[in-house]
Amino acid sequence: MNIRICGTGSAIPSKRVTNDDLSKIMDTSDEWISTRTGIRARHLAETETTTSLAVTASQRALENAGVQAEEIDLIIAATATSDYVVPTLSCEVQRELGASHAVAFDLGAACSGFLFALSTAQAYIASGMYKNALVIGAEVLSKLMDWSDRSTCVLFGDGAGAVVVKADENAAFESVQGSDGAKGMVLACKNRPVVNPYHDDQEAYSHLSMDGQEVFRFAVRTVPVAIRQVLDKAGIAEDEVKYFVLHQANLRIIEAVAKRLGVPMEKFPTNMQECGNVSAASVPILLDEINRKGMIQRGDRLVLAGFGAGLTWGAAVLNW
Ligand code: ACO
């Protein structure tokens with residue numbers, strides 16, 4: 001038994017911030033950002049929250065799938081930026097949707113989170129435990145940024161994407177995943193400091209820090225290997241794939257991956273130009289975009305891939 005994606009949805013904040021807008025509040029330029037990353041704008045939360053974005057994306061995915069919230073028996077939300085430490089984002093979404101028959105939990109794997117969540121849903125559904133799952137990637141990364149650090153804050157955006165997956169004996173799904181905790185500090189953000197009656201770390205809240213060149217090297221080396229591995233596992237060739245939907249960190253990373261795989265860039269849809277890097281939300285937001293544009297038909301083969309902090313990476317091949 002495998003999973004089939006039967007509906008997609010997404011939500012991004014209404015506040016659109018261009019590179020030129022940022023250049024008015026920090027020492028940067030559209031030329032610097034767009035030539036190095038492809039990013040031209042991002043949407044940043046004002047009144048929206050991680051929960052509200054995830055709920056809207058999920059409602060749109062359910063509607064697109066023609067599935068009622070009560071039919072969902074599993075909700076997995078991939079996020080590093082939930083509104084509460086507890087309750088989890090997935091439980092917040094469950095309440096707002098009225099998905100009263102679902103078990104709900106969050107999963108943390110940074111920019112690979114959506115891929116890991118999808119594979120987790122596949123494993124549960126293949127085991128026979130659940131039949132209909134809602135898989136979400138949602139982030140408000142703007143709250144983790146040091147807005148005085150121009151080398152990181154210009155890269156990220158806020159948003160959410162969701163898919164509804166169903167058990168389908170005719171569906172095809174294969175995935176590979178990997179982690180390298182030894183390189184964890186190249187992309188890091190510390191949680192709260194320890195402050196209790198016996199100890200006080202005296203630390204300020206931490207922001208996201210990144211060794212950009214190390215992350216670039218990691219992505220360009222690891223992602224093509226993971227994609228080849230998952231295609232081998234599924235027994236299909238690169239040219240049988242309609243689209244490669246990759247985590248939208250950086251256009252230059254995607255171009256390098258395409259070149260290493262020998263696949264033309266036309267097969268790599270992108271939206272980091274408008275959304276920036278939305279971490280766990282980037283793959284499902286892009287998937288929703290190409291679905292709603294009518295770019296994918298039932299039966300098309302897709303490769304999805306995520307990579308990021310941890311370090312972590314994951315790739316999946318599926319039939320639409
Ligand atoms: N505007 C203008 N100048 C800047 C900015 C900015 N926003 N940010 C940094 N600079 C300056 C630096 O201060 C430095 O100046 P200096 O030479 O006078 O010291 C210069 O630009 C070059 O900085 P580098 O960090 O060496 O820039 P680099 O060419 O490596 O590009 C980048 C940085 C775009 C982040 C690149 O390393 C990259 O693409 N890395 C991939 C990482 C990535 O995409 N991360 C996303 C999150 S991780 C993930 O999702 C997987």
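The values are calculated or read from the model by the stated rules, or taken from the named source; none is laboratory data. These numbers come from a predicted model, not from an experiment. Virtual Cβ from ideal backbone geometry, glycine too; neighbours counted across all protein chains shown. To get the accessible areas, we keep the full protein, side chains included, count just its heavy atoms, and leave off ligands, DNA and RNA. Shrake-Rupley method; radii C 1.70, N 1.55, O 1.52, S 1.80 Å.
Restricting to segment 283-306, what's the tally of residues that are outside any loop (DSSP other than H, G, I, E, B) and either polar (S, T, N, Q) or closer than 17 Å to Leu231 by Cα (or both)?
So the answer is 7.
Checking Ile136 against (1) closer than 29 Å to Asn250 by Cα; (2) part of a helix (DSSP H, G or I); (3) more than 16 Å from the ligand (Cβ to nearest atom), which test does it fail?
Ile136 satisfies every listed condition except (2).
Collect the residues in segment 11-40 that are open to solvent by less than 20 Å² (accessible area, probe 1.4 Å) and either assigned to a strand (DSSP E or B) or away from the ligand (no atom under 13 Å from the Cβ) (or both), keeping them in residue-number order.
Listed by number, the residues that qualify are Ala11, Pro13, Val17.
Restricting to segment 69-108, and then to whatever is assigned to a loop (DSSP other than H, G, I, E, B) and under 17 Å from Asp158 (Cα atoms), can you tell me which residue is least open to solvent (accessible area, probe 1.4 Å)?
Thr81
Suppose we filter Arg42, Arg36 for residues that are in contact (Cβ under 8 Å) with a residue 24 or more places away in the chain and more than 16 Å from the chain's Cα centre (by Cα); which single one remains?
Arg36
Just wondering, is there one or more residues in segment 43-66 that are charged (D, E, K, R), assigned to a loop (DSSP other than H, G, I, E, B) and either out of contact with any Pro (no Cβ under 9 Å at 6 or more places or on another chain) or within 16 Å of the ligand (Cβ to nearest atom) (or both)?
No; the residues of segment 43-66 include none that is charged (D, E, K, R), assigned to a loop (DSSP other than H, G, I, E, B) and either out of contact with any Pro (no Cβ under 9 Å at 6 or more places or on another chain) or within 16 Å of the ligand (Cβ to nearest atom) (or both).
From the residues in segment 211-233 that are of a type in the set (A, V, I, L, M, F, W, C) and open to solvent by 40 Å² or more (accessible area, probe 1.4 Å), which one is farthest from the ligand (Cβ to nearest atom)?
By that ranking, first place goes to Val225.
Here's the yes/no breakdown for (1) part of a loop (DSSP other than H, G, I, E, B); (2) more than 19 Å from Ala316 (Cα to Cα); (3) free of Cβ contacts under 8 Å to residues at least 12 places away in the same chain:
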residue	(1), (2), (3)
Lys190	yes, yes, no
Tyr205	yes, yes, no
Glu214	no, yes, no
Ala219	no, no, no
Gln229	no, no, no
Ile236	yes, no, no
Phe244	no, no, no
Ala249	yes, no, no
Ile254	no, no, no
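Return the pair list, or none, for Cβ contacts closer than 8 Å from residues in segment 152-171 that are closer than 27 Å to Leu187 by Cα and outside any strand (DSSP E or B) to residues that are open to solvent by 10 Å² or more (accessible area, probe 1.4 Å) and charged (D, E, K, R), at least 6 apart or on different chains.
Between residues of segment 152-171 that are closer than 27 Å to Leu187 by Cα and outside any strand (DSSP E or B) and residues that are open to solvent by 10 Å² or more (accessible area, probe 1.4 Å) and charged (D, E, K, R), the close pairs are Thr152/Asp146; Cys153/Asp146.
Would you confirm whether any residue within segment 256-269 is part of a helix (DSSP H, G or I), in contact with an Asp or Glu (Cβ under 9 Å, 6 or more places away or on another chain) and within 22 Å of Ala188 (Cβ to Cβ)?
no
Identify all residues within segment 256-280 that are touching a residue at least 24 places away in the same chain (Cβ under 8 Å) and more than 15 Å from the ligand (Cβ to nearest atom); write none if there are none.
Scanning segment 256-280 gives Arg260, Leu261, Gly262, Val263, Lys267, Phe268, Pro269, Glu274.
Which one of Met129, Met145 is assigned to a loop (DSSP other than H, G, I, E, B), among the hydrophobic types (A, V, I, L, M, F, W, C) and open to solvent by less than 40 Å² (accessible area, probe 1.4 Å)?
Result: Met145 is the single residue among Met129, Met145 that is assigned to a loop (DSSP other than H, G, I, E, B), among the hydrophobic types (A, V, I, L, M, F, W, C) and open to solvent by less than 40 Å² (accessible area, probe 1.4 Å).
Tell me the residue from Asn64, Asn170 that is open to solvent by 40 Å² or more (accessible area, probe 1.4 Å) and modelled with pLDDT under 95, please.
On inspection, the qualifying residue turns out to be Asn170.
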